[in-house]
Amino acid sequence: MLNVPSQSFPAPSSQQRVASGGRSKVPLKQGRSLMDWIRLTKSGKDLTGLKGRLIEVTEEELKKHNKKDDCWICIRGFVYNVSPYMEYHPGGEDELMRAAGSDGTDLFDQVHRWVNYESMLKECLVGRMAIKPAVSKDYHEEKKVLNGLSHEVEEDFSVRVVENVGKIEIVLKKKETTSWKRLGHPLENHNSLIPRKDTGLYYRKCQLISKEGVTHDTKLFCLMLPPSAHLQVPTGQHVYLKLTITGTEIVKPYTPVSDFLLSEFKEPVLLNNKYIYFLIKVYPDGLFTPELDHLQIGDSVSVSNPEGNFKTSQFQELEDLFLLAAGTGFTPMAKILNYALTNIPSLRKVKLMFFNKTEDDIIWRSQLEKLAFKDKRFDVEFVLSAPTSEWNGKRGHISPALLSEFLKRSLDKSKVLICICGPTPFTEQGIRLLHELNFSKDEIHSFTA
Ligand code: FAD
Ligand code: NAD
């Protein structure tokens, strides 16, 4: 992926080594991390070989630039000279070369639609295609869409989504209470539907409202949506947060958590769909999270629309739900727990096995224990990989012994779903063990990038 930092990184057994779908990341040479790339783009070096000139590129011209040291790629009608970027690409040079001298839009979308290539590659921009080879998608920041109306309306309008019937109700308020003779003109694209996969990522600026420590390194961030924005992140899905770090837009995925387990928090929990909560671990030497952590209350962060392949239809007629989470891999489980316990009448048992290094790393321990006390269908077990000698609970990493004891069906043939999320080696090992324990593909959902 374009914006995962590297310095002879990821190490062969590292969590960052393999992305979903088996896309391997290659070890990068020293001095070829994302931060190094950002530095190079700021150095004033001519990265296109065109001395800052932008040109119109014909298809014939594009085709000629198909070698490693002279490689142009078109993405959404814009042509980039990616040769200087080759050594910095965590997916490797060969992966980039698959699109050499051609339109790489589809390839790019398959692999990392969310990466903000416009910002990452802006110094590599050669120009536009003379004839646009691909349908351009709407990747713009939020824009005003009400200008087709004949009279002014208040900025603050309400949106109500009734998901189960697929209806959206939008209530606009007139600025002046006069009667309108006509409504206005339909805008371009009126009455057309765009499949979700083609809509592109759309960011809205949200305001940081509060930030509260949950563990020694994990915080609960509350963001407020802009007025009238509607963003409901479905259970099991994530969004992308975008920040500009030393002049380059950096994007990372995060999974919002529901307010379900928040009631114990010191800060008042703000509801009514205007707020979105994230549990985020701050890595002191990470690229994105220290920057996020340095934001002041009132600062803004761009938040994308949701993505992910988890479907709540997987819960239909479900009897046993097993959740295997490691570290912040707990985040999708928070909403899943809420959804399953409130919406699935067939459910007999929900069990969470939560893997952490130490007791201090456990997110929302007391809330989870209280929930287990309150709801007899729910059980939680904590497993520590680096506990102190006082720890009386389970120890170690994910293993056949731990899983076979934990994954007991409530009835012989009960319908089961196992969700797993955490560092990549944890998830990969877990899936392998689950198959060895004869759980089928349909009974396992793994959360990956
Ligand atoms: P990075 O810069 O990516 O660094 C992460 C770690 O790798 C650090 O310890 C760093 O020291 C190490 N590292 C970096 N570069 C090198 C190097 N060259 N050599 C050796 N080690 C290195 N996280 C959450 O906290 N909450 C969530 O809700 C959440 N949801 C996610 C959802 C999805 C779908 C995915 C894929 C990930 C999610 N993550 C979540 C993880 C998140 O996206 C980021 O990966 C995480 O926040 C780290 O980002 P960073 O830029 O701060 O750290
Ligand atoms: P961590 O380093 O604190 O580790 C937590 C536990 O994971 C450890 O105690 C151990 O039991 C297990 N673990 C770690 N490395 C392992 C290995 N090599 N083999 C087997 N087990 C291992 O975890 P963290 O820093 O909180 O990282 C959480 C990870 O979850 C990140 O990689 C993040 O990207 C990922 N995540 C993914 C999603 C998603 O895909 N939807 C959502 C949230 C978090």
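The values are calculated or read from the model by the stated rules, or taken from the named source; none is laboratory data. Because the structure is predicted, anything quoted here is derived from the model rather than measured. No Cβ is skipped: glycine too gets one built from the backbone with ideal geometry, and neighbour counts run over all protein chains shown.
Filter region 387-399 down to the residues that are surrounded by 12 or more Cβ atoms within 10 Å (Cβ to Cβ) and farther than 13 Å from GLN429 by Cβ, then identify the one that is farthest from ligand 2 (Cβ to nearest atom). Can you show your working first?
First, pick out the residues of region 387-399 that are surrounded by 12 or more Cβ atoms within 10 Å (Cβ to Cβ): 387, 391, 394-399.
Then drop every residue that is not farther than 13 Å from GLN429 by Cβ, which leaves 387, 391, 394-395.
Working: PRO387: 10, TRP391: 12, LYS394: 11, ARG395: 10 Å.
Within region 387-399, the match that is farthest from ligand 2 (Cβ to nearest atom) is TRP391.
Which of (1) modelled with pLDDT of 85 or more; (2) hydrophobic (A, V, I, L, M, F, W, C); (3) within 19 Å of ASP94 (Cβ to Cβ) does LEU47 not meet, given it meets every other one?
Every listed condition holds for LEU47 apart from (3).
Please determine, by comparing only the residues of region 202-245 that are within 15 Å of the chain's Cα centre (by Cα) and among the hydroxyl-bearing types (Ser, Thr, Tyr), which one is surrounded by the fewest Cβ atoms within 10 Å (Cβ to Cβ). Walk me through how you get there before you give the answer.
Filtering region 202-245 down to residues within 15 Å of the chain's Cα centre (by Cα) leaves 202-204, 231-243.
Still in the running and among the hydroxyl-bearing types (Ser, Thr, Tyr): 202-203, 235, 240.
Working: TYR202: 17, TYR203: 21, THR235: 20, TYR240: 20.
It comes out as TYR202.
Go through region 171-185 and give me each residue that's under 19 Å from VAL159 (Cα atoms) and without any contact (Cβ under 8 Å) to a residue 24 or more places away in the chain.
Across region 171-185, the qualifying residues are VAL171, LYS173, LYS174.
Which ones in region 292-322 are farther than 20 Å from LEU225 by Cα, surrounded by 16 or more Cβ atoms within 10 Å (Cβ to Cβ) and within 11 Å of ligand 1 (Cβ to nearest atom)?
Matches in region 292-322: GLY308, PHE310.
What pairs can you find where one residue is in region 186-214 and touching a residue at least 60 places away in the same chain (Cβ under 8 Å), the other is assigned to a strand (DSSP E or B) and surrounded by fewer than 17 Cβ atoms within 10 Å (Cβ to Cβ), and their Cβ atoms are less than 7 Å apart, with a gap of 6+ or different chains?
LYS205/SER300; CYS206/SER300; GLN207/SER300
How many of the residues making up region 304-325 are over 20 Å from the mean Cα position of the chain (by Cα) and assigned to a loop (DSSP other than H, G, I, E, B)?
Here is the first cut: in region 304-325, the residues over 20 Å from the mean Cα position of the chain (by Cα) are 313-322.
Retained after the next criterion (residues that are assigned to a loop (DSSP other than H, G, I, E, B)): 316-319.
Summing the residues that are over 20 Å from the mean Cα position of the chain (by Cα) and assigned to a loop (DSSP other than H, G, I, E, B) in region 304-325 gives 4.
Quick check, is VAL383 over 29 Å from GLU317 (Cβ atoms), buried (at least 17 other Cβ atoms within 10 Å of the Cβ) and aliphatic (A, V, I, L, M)?
yes
Taking region 159-180 as the region of interest, how many residues are in a strand (DSSP E or B), among the charged types (D, E, K, R) and loosely packed, with under 11 Cβ neighbours inside 10 Å? Can you show your working first?
Just the residues of region 159-180 that are in a strand (DSSP E or B), to begin with: 159-162, 167-171, 174.
If we keep only those that are among the charged types (D, E, K, R) as well, we get 160, 167, 169, 174.
Still in the list and also loosely packed, with under 11 Cβ neighbours inside 10 Å: 167, 169.
Residues in region 159-180 being in a strand (DSSP E or B), among the charged types (D, E, K, R) and loosely packed, with under 11 Cβ neighbours inside 10 Å: 2 in total.
One residue is enough: does region 271-278 have a residue meeting the conditions of a type in the set (D, E, K, R) and either modelled with pLDDT of 90 or more or in a strand (DSSP E or B) (or both)? Quick ask: steps written out before the conclusion?
Of the residues in region 271-278, the ones of a type in the set (D, E, K, R) are 274.
Next cut, either modelled with pLDDT of 90 or more or in a strand (DSSP E or B) (or both) only: none.
No, region 271-278 has no match at all.
Report the residue count in region 203-217 for those that are among the acidic types (Asp, Glu) and part of a strand (DSSP E or B). Spell out how you get there, then give the answer.
From region 203-217, those among the acidic types (Asp, Glu) are 212, 217; that's our starting set.
Next, only the ones that are part of a strand (DSSP E or B) stay: 212.
Going through region 203-217 one residue at a time, the tally reaches 1.
Six or more apart or on different chains, Cβ atoms under 8 Å: show the pairs whose first residue is in region 297-319 and under 23 Å from ILE245 (Cα atoms) and touching a residue at least 12 places away in the same chain (Cβ under 8 Å) and whose second is among the polar types (S, T, N, Q) and buried (at least 17 other Cβ atoms within 10 Å of the Cβ).
ILE297/SER210; PRO306/GLN237
Given LYS349, LYS357, which one is away from ligand 2 (no atom under 16 Å from the Cβ) and touching a residue at least 24 places away in the same chain (Cβ under 8 Å)? Steps first, please.
Values: LYS357 fails: away from ligand 2 (no atom under 16 Å from the Cβ).
Unique residue meeting the criteria: LYS349.
Please go through region 10-44 and pick out each residue that is aliphatic (A, V, I, L, M) and either closer than 20 Å to VAL126 by Cα or modelled with pLDDT of 90 or more (or both). So that I can check it myself, show each step before the final result.
From region 10-44, those aliphatic (A, V, I, L, M) are 11, 18-19, 26, 28, 34-35, 38, 40; that's our starting set.
ILE38, LEU40 - these are the residues of region 10-44 that are aliphatic (A, V, I, L, M) and either closer than 20 Å to VAL126 by Cα or modelled with pLDDT of 90 or more (or both).
For residues that are in contact (Cβ under 8 Å) with a residue 60 or more places away in the chain and within 27 Å of GLU317 (Cβ to Cβ), scanning just region 423-449, find the one that is surrounded by the fewest Cβ atoms within 10 Å (Cβ to Cβ). Can you show your working first?
As a first pass, look at region 423-449 and keep what is in contact (Cβ under 8 Å) with a residue 60 or more places away in the chain: 423-428, 430, 445, 447-449.
With the extra rule that they be within 27 Å of GLU317 (Cβ to Cβ), the set shrinks to 427, 430, 445, 447-448.
Working: THR427: 22, GLY430: 25, HIS445: 19, PHE447: 23, THR448: 15.
The residue in question is THR448.
Give region 323-378 a look and list any residue that's within 15 Å of ligand 1 (Cβ to nearest atom) and surrounded by fewer than 17 Cβ atoms within 10 Å (Cβ to Cβ), or say none.
Residue satisfying the conditions is LYS357 alone.
In region 412-424, how many are touching an Asp or Glu at 6+ places or on another chain (Cβ under 7 Å) and either more than 17 Å from PHE322 (Cα to Cα) or not hydroxyl-bearing (Ser, Thr, Tyr) (or both)?
At the first step, the residues of region 412-424 found to be touching an Asp or Glu at 6+ places or on another chain (Cβ under 7 Å) are 414-418.
If we keep only those that are either more than 17 Å from PHE322 (Cα to Cα) or not hydroxyl-bearing (Ser, Thr, Tyr) (or both) as well, we get 415-418.
Residues meeting the conditions: 4.
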